[in-house]
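Below is one structure, written out as structure tokens; the observations come after it.
A short reminder: the numbers here are calculations on the coordinates, not readings from a lab. Bear in mind that the values here come from a model prediction, so they are computed numbers and not experimental data. Using ideal geometry, Cβ is built from the backbone for each residue, glycine included, and neighbour counts are taken over all protein chains shown.
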Amino acid sequence: MLPAVDTVLTGLALGLAGLWGLRAAAHALILKGLRAPRVTASTLPEALGLVAQAVSIAGPNGKTLFAWFVPVSGASKTPAVLVMHGWGANAGMMLPSVAPLVDAGLAVLLLDARCHGASGDETFTSLPRFAQDIDAGLDWLARQAQVDADRLALIGHSVGAGAALLSATRRDDIRAVVSISAFAHPYEVMRRLLAANHIPYFGIGWYVLRHVQRVIGARFDDIAPIRSVTRVRCPVLLVHGEDDDMVPFDDALRLLAAGQNGRVQLLALPGRHDPTEALQTESPQLLAFLISSLGRRPQTPAGAAGD
């Protein structure tokens, strides 16, 4: 009987080793999927007539974050806006937003998230890590002599928008958020990615989504914009293209419905997912919202105490 036992144990050991190997391979693939393509900025501020300072900001995990800081010339203690790009983008791609903001008297910080642009590298990035980078940028902004630390706002695109909303749920110094092309729930985004890559949800897909949440250290439900928008302590302007082919316009309608607390409004555009059109053609509406919001102090919504 002993040889048979040895055979069973050997087979079990080999099977476990095979499962461990598959798990390790799956983990490596998931980490690869959580690494955004790093794109070098192709546009510099001076090409747009902007006078900007290249700055390095101490970020999470000892990483350095790159940013462009554009103060208001000859002014001090002005409101400031932090602009966060989307997945696979960089601060340079958000430069079209700067001139109207600075002309309106708002200092601007354009931030590269980790694994993006010229910022430090990590094994992966995620919506929660985007939010951590936003927090580091806001802390840096608040220390600048030119900036009124009591009047800070956020503009984010796509994942950056979701991160801006998440950051606004846990800080009291954010006076306004402009969320451009935010998705409602990361679970739905991941399900669409699985379907696009012909990966069945039952079995493989279920494991992938479960493991992604372990890797990023957060449940999708806890970081979903559709939850964050109910907990923000400041006014929110949702900006979304009616023809967005990456994040359905219906996501914006659901965010608006979830945030019906008098703080959330929607600006619908005829464009797609790219933020450039909104930042250029819709600047009067964005500026009116920001200036109005930065001119008054936020009030804590009912039931938000203790969040």
Could you tell me whether the stretch 100-170 comes out rounded, prolate or oblate from its Cα gyration tensor? Rule is a ≥ b ≥ c as square roots of the eigenvalues, rounded for a/c under 1.5, then prolate if a/b exceeds b/c, otherwise oblate.
prolate
For E188, E242, which order do you get if you count the other beta carbons within 10 Å of each Cβ and list the fewest first?
E242, E188
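Provide the three semi-axes, in whole Å and in decreasing order, of the ellipsoid equivalent to the stretch 134-177 as defined by the square roots of 5 times the Cα gyration tensor eigenvalues.
With the √(5λ) rule applied to the stretch 134-177, the semi-axes are 18, 10, 9 Å.
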Alpha-carbon Debye profile of the stretch 124-277, log10 I(q)/I(0) at 0.15, 0.18 Å⁻¹:
-0.79, -1.08
When the gyration tensor of the stretch 67-192 is built from Cα positions, what are the square roots of 5 times its three eigenvalues, in whole Å, from largest to smallest?
24, 15, 13
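If you build the Cα gyration tensor of the stretch 162-238 and take the root of 5 times each eigenvalue, what three semi-axes come out, in whole angstrom, biggest first?
Over the Cα atoms of the stretch 162-238, the ellipsoid semi-axes are 29, 13, 8 Å.
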Separation between Cα centres of the stretch 95-112 and the stretch 185-206, rounded to whole Å
37 Å
Amide H neighbours of T78 under 5 Å, counting only residues 5+ apart in sequence or on other chains, H built in-plane at 1.01 Å?
V147, D148
